[in-house]
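Input: a single structure, listed below in structure tokens.
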Amino acid sequence: MSTRAPHVTVVGGGLVGLTSALFLHEAGAAVRVIDHGPFGGGASRGNAGLVCSALLGPLAGPGAIVNALKSLPSPDSALRLHPTQLPKQLGWFVSFARACTASRYTAAQRALARLNLSTPRQIDRLAAAGGRIAPGPTLVAPFHDERLAHHFFDGLAPMREFDVQVPDRVLSGDETRALVPALTDHVRAGIHLSGEYAIDPSDLVRSLVELLTGLGVDAFDTIDGILAHGT
């Protein structure tokens, strides 16, 4: 008696959707991917591609609400609140505020650290499947202000509790420029995040699209495309 492969539709053709589709296909599922635009587009191509287990900073944490309110008047702030949407978002704001405690921040860090333990294995799995993953040089964080460098360094120290490799000291400006010669003399200090690196996100998602196409995964990039196929 034969068993039919399960049919799975993945909604969203970004990095998460494409990798999910690839692993589902490997598991024997009949997969199709739908998106409203080009596969692997948007944030999947435009992010920094960082693979950095030491930077475990959940958004909700002590001081987050105050910092957010202070940033609102600035035109360069990443935070925008539309007045007409505030009543609808009130419940979310309350939940976020309740999560901004030291204990819940630490619990979120611990959960992220456990999740990150599988990162090297998953990256190797993607590379073995044919994903183009070429790690760049290890990350260096430069600072114009030595005090900020030490503040950043002190924030990394607790990560040792979660078995995360962190730097052992703050580098001088000269040491930082020796690692990254393009930096100017304005850099006074730096932190070398050894073992942390970046992947070219555009090349990775492009290779995943090529892989899935070669494997015969059905893909429709618009709702109209789905309707045209009668499904």
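The values are calculated or read from the model by the stated rules, or taken from the named source; none is laboratory data. Only a predicted model underlies this, so the values are computations on that prediction, with no experimental measurement involved. Virtual Cβ from ideal backbone geometry, glycine too; neighbours counted across all protein chains shown. Just the protein is used for accessible areas: all its heavy atoms, side chains included, with ligands, DNA and RNA removed. Shrake-Rupley method; radii C 1.70, N 1.55, O 1.52, S 1.80 Å.
If I ask for residues that are within 25 Å of Ser118 (Cβ to Cβ) and of a type in the set (A, V, I, L, M), which ones from the range 30-79 would you list?
Within the range 30-79, Val31, Val33, Ala43, Ala48, Leu50, Val51, Ala54, Leu55, Leu56, Leu59, Ala60 qualify.
Quick check: is even one residue across the range 150-157 touching a helix residue (DSSP H, G or I) at 6+ places or on another chain (Cβ under 9 Å) and not aromatic (Phe, Trp, Tyr)?
no
For the range 49-63, which positions are part of a loop (DSSP other than H, G, I, E, B), touching a strand residue (DSSP E or B) at 6+ places or on another chain (Cβ under 7 Å) and within 30 Å of Arg98 (Cβ to Cβ)?
Scanning the range 49-63 gives Cys52, Ala54.
Starting from the range 103-116, keep only residues that are of a type in the set (Ser, Thr, Tyr), then list their pairs with residues that are not in a helix (DSSP H, G or I) whose Cβ atoms are within a distance under 9 Å, requiring at least 6 positions of separation or different chains.
Within 9 Å, the pairs are Tyr105/Gly57; Tyr105/Pro58; Tyr105/Ala60; Tyr105/Gly61; Tyr105/Pro62.
Name the residues in the range 181-207 that are surrounded by fewer than 19 Cβ atoms within 10 Å (Cβ to Cβ) and in a strand (DSSP E or B), would you?
Scanning the range 181-207 gives Tyr197, Ala198.
Counting just the residues of the range 19-46 that are in a loop (DSSP other than H, G, I, E, B) and open to solvent by 70 Å² or more (accessible area, probe 1.4 Å), which one comes out farthest from His7 (Cα to Cα)?
Taking the candidates together, the pick is Pro38.
Picking from Ala5, Ala97, which residue would you name as being part of a helix (DSSP H, G or I), open to solvent by less than 60 Å² (accessible area, probe 1.4 Å) and over 29 Å from Ala134 (Cβ atoms)?
Ala97
Only one of Arg80, Arg32 is farther than 18 Å from Pro201 by Cβ, at pLDDT below 85 and not hydrophobic (A, V, I, L, M, F, W, C); which?
Arg80
Out of Ala149, Ala178, Ala157, I need the residue that is among the small types (Gly, Ala, Ser), part of a helix (DSSP H, G or I), open to solvent by 50 Å² or more (accessible area, probe 1.4 Å) and free of Cβ contacts under 8 Å to residues at least 60 places away in the same chain. Which one?
Exactly one residue qualifies, and that residue is Ala178.
Please verify whether the range 106-125 includes one or more residues that are under 22 Å from Ala60 (Cα atoms), open to solvent by less than 50 Å² (accessible area, probe 1.4 Å) and assigned to a loop (DSSP other than H, G, I, E, B).
Within the range 106-125, none of the residues are under 22 Å from Ala60 (Cα atoms), open to solvent by less than 50 Å² (accessible area, probe 1.4 Å) and assigned to a loop (DSSP other than H, G, I, E, B).
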